[in-house]
Amino acid sequence: MSVPVSWRFSLTILASVLLLGGCDRGADDAAQQQGELSAEKQGLSGEIDRSFAGELMPAVNVTDPDGRQLNLGALQGRPVLLNLWATWCAPCVVEMPMLDDLAGDLDEQVQVITVSQDLRGAELMTPFFEERKFAYLEPWLDPENQLGFRFNGVLPMTVLYDAEGREVFRVAGGYDWGGEEARAAIGEALGE
């Protein structure tokens, strides 16, 4: 059964509203000036939530700016830390360098995947990545906002999946991925 174009358009509009409501859209410049503030003052007040443990990673195809596809549901064999973010989301922007550092530190143990929920896709995401010169993060897009729907439009949303693709924990909202609590929770999930 195919979905009429008008319904797809309506769903896209709904996703946009949900995504915009999940994050402070107007704080782009402020996010970049917050380097010296505490995690709480940077909007990093998210907490680890284990209530969804055991849920399967969604089998959603994400794409890079060149059109290469990655099926998230097919990623098995090592844990995955999946992060949904957007360029206009201040806590998302604050988290990205921490996630890049985490990806470097856990290179062989955990695959860190950041997926942009920007409706303008690569037009916004590519310059964002070019300016910041991330060493480990790759630019992935969710062109149909399937992940945004799956996680109710909350940004940032970060979920740790085990090597079998089952959820271990999630964090809705900004989080200090460079802190001891984050490292301990990931280490615990890895059996360290």
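We did not get these values from a lab; they are worked out from the coordinates using the rules stated. Computed from a prediction, not measured in an experiment: that's the story for all the values here. Cβ atoms come from the backbone with ideal geometry, glycine included; neighbour counts cover every protein chain shown.
Identify, from the list Ala172, Ala135, the residue that is surrounded by fewer than 16 Cβ atoms within 10 Å (Cβ to Cβ) and more than 12 Å from Ala86 (Cα to Cα).
Matching residue, one of Ala172, Ala135: Ala135.
Report whether or not Leu124 is touching a strand residue (DSSP E or B) at 6+ places or on another chain (Cβ under 9 Å), farther than 13 Å from Leu84 by Cα and free of Cβ contacts under 8 Å to residues at least 40 places away in the same chain.
When the stated conditions are applied, Leu124 passes them.
Which count do you get for residues in the range 155-181 that are over 13 Å from the mean Cα position of the chain (by Cα) and either β-branched (Val, Ile, Thr) or in a loop (DSSP other than H, G, I, E, B) (or both)?
8
Evaluate the range 68-80: report whether one residue or more is in contact (Cβ under 8 Å) with a residue 40 or more places away in the chain, polar (S, T, N, Q) and not in a loop (DSSP other than H, G, I, E, B).
No.
What do you reckon, is Tyr136 part of a loop (DSSP other than H, G, I, E, B) and under 13 Å from the mean Cα position of the chain (by Cα)?
No; evaluated as a whole, the condition is false for this residue.
When you go through Thr87, Thr114 one by one, which is the residue that is in contact (Cβ under 8 Å) with a residue 24 or more places away in the chain, assigned to a loop (DSSP other than H, G, I, E, B) and not charged (D, E, K, R)?
Answer to the check: Thr87.
Return a yes/no flag: does the range 121-129 have any residue that is of a type in the set (Asp, Glu), assigned to a helix (DSSP H, G or I) and over 24 Å from Asp64 (Cβ atoms).
No, the range 121-129 contains no residue that is of a type in the set (Asp, Glu), assigned to a helix (DSSP H, G or I) and over 24 Å from Asp64 (Cβ atoms).
Taking the range 85-102 on its own, how many of its residues are farther than 13 Å from Pro156 by Cβ and either β-branched (Val, Ile, Thr) or more than 13 Å from the chain's Cα centre (by Cα) (or both)?
2
Could you list, in sequence order, all residues of the range 50-67 that are under 19 Å from Trp85 (Cα atoms) and in contact (Cβ under 8 Å) with a residue 12 or more places away in the chain?
Scanning the range 50-67 gives Met57, Pro58, Ala59, Val60, Val62, Thr63, Asp64, Pro65.
Of the residues Pro79, Pro65, Pro91, which is touching a helix residue (DSSP H, G or I) at 6+ places or on another chain (Cβ under 8 Å) and surrounded by fewer than 18 Cβ atoms within 10 Å (Cβ to Cβ)?
Of Pro79, Pro65, Pro91, the one residue that is touching a helix residue (DSSP H, G or I) at 6+ places or on another chain (Cβ under 8 Å) and surrounded by fewer than 18 Cβ atoms within 10 Å (Cβ to Cβ) is Pro65.
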